[in-house]
Amino acid sequence: MYCSSLSEFAVLGFELGYSMENPNSLVLWEAQFGDFANGAQVMFDQFLSSGEAKWLRQTGLVVLLPHGYDGQGPEHSSARLERFLQMSDDNPFVIPEMEPTLRKQIQECNWQIHREFRKPLIVTAPKNLLRHKDCKSNLSEFDDVEGHLGFDKQGTRFKRLIKDRNDHKQVEEGINRLILCSGKVYYELDEERKKSKRGDVAICRVEQLCPFPYDLIQRELKRYPNAEIVWCQEEPMNMGAYSYISPRLFTAMKALGRGSFEDIKYVGRAPSAATATGFLSVHVQEQSELVKKALPPKPIKFP
């Protein structure tokens, strides 16, 4: 048995080099908690996010970072995904070419999902969904690309955006609120929606934050023409995906003539210096209030 030093900086640097020297290998670096990536921030800034732009060096390194607010305190809640999104090099005010056969958006972005060419992949995922009774999928849920053989029955494609769980039509004028979210907060929102019997609320999950899925977001905006638009997250306003999502969501809305930036309603924790509270009772109260704020009977005030 050999115990290596507890240095995220050193270990991530080793895995990064290994992924470059062995381009056909699937190289993964997983943190016990996403917060531990803090100790490797120099590697992310200097090499992983910008290595291709600076030195034309590609890497397919996969970074797995547990992320989610479970009441475990400020050192075990957040992978600081806002830092990775901030390092993304896409223009938030320009909708790129979204034609899947051209693949310009995914080629030009510095972060990536699995493709034939190498780009680093950051996966932030909550631990508690491994045990959640509702976090499961049928094969039919893995493909929603119209025209693909069996697209409405089964498939093996990753969904950049998961539609509302209810069987909504192509246009649903009776939906008054569209909540966009990502991560485990969806299950808490859905449970509260069931309790309050809010059939006028749709909840969509943005599974791929970057590159931003403009085409699928616009598909859902067209589906719910009368809905107020809400971004809901667990993180404080100055953290999480809000600062990345909001300008891109506005760009998608603007192209459809769908309101202004003020029409994007924010639901989440207030700005904070710390990622999370250190008291479980406070966490439970914050989480409960957050979910209820997303589902009031009256329109939500900006922000």
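Some notes on this structure:
- The listed residue being in contact with a strand residue (DSSP E or B) (Cβ under 6 Å, 6 or more places away or on another chain), part of a strand (DSSP E or B) and in contact (Cβ under 8 Å) with a residue 24 or more places away in the chain, out of I179, I245: I179
- Residue check, L85 over 17 Å from Q233 (Cβ atoms) and either modelled with pLDDT of 90 or more or among the small types (G, A, S) (or both): no
- Qualifying residue in segment 59-71 (condition: open to solvent by 60 Å² or more (accessible area, probe 1.4 Å) and out of contact with any strand residue (DSSP E or B) (no Cβ under 6 Å at 6 or more places or on another chain)): no
- Filtered residues of segment 211-243 (kept if within 25 Å of G34 (Cβ to Cβ) and either of a type in the set (F, W, Y) or open to solvent by 20 Å² or more (accessible area, probe 1.4 Å) (or both)): F212, W231, M237, N238, Y242, S243
- Residues satisfying the stated conditions in segment 193-208, i.e. open to solvent by 30 Å² or more (accessible area, probe 1.4 Å) and within 21 Å of the chain's Cα centre (by Cα): R205, E207
- Restricting F142, F93 to residues that are farther than 30 Å from S281 by Cβ, open to solvent by 70 Å² or more (accessible area, probe 1.4 Å) and modelled with pLDDT of 85 or more narrows the list to F93.
- Unique residue being in a helix (DSSP H, G or I), acidic (D, E), open to solvent by 50 Å² or more (accessible area, probe 1.4 Å) and over 15 Å from R118 (Cβ atoms) when the list is D35, D45: D45
- Criterion violated by S78 - all others in (1) open to solvent by less than 40 Å² (accessible area, probe 1.4 Å); (2) among the polar types (S, T, N, Q); (3) in a helix (DSSP H, G or I) satisfied: (3)
The values are calculated or read from the model by the stated rules, or taken from the named source; none is laboratory data. It should be emphasised that the depicted structure is a prediction, and the values quoted were computed from it without experimental measurement. Heads up, the Cβs are rebuilt from the backbone with ideal geometry, glycines too, and the neighbour counts pull from every protein chain shown. Side chains included, ligands, DNA and RNA excluded: accessible areas come from the protein's heavy atoms. Shrake-Rupley method; radii C 1.70, N 1.55, O 1.52, S 1.80 Å.
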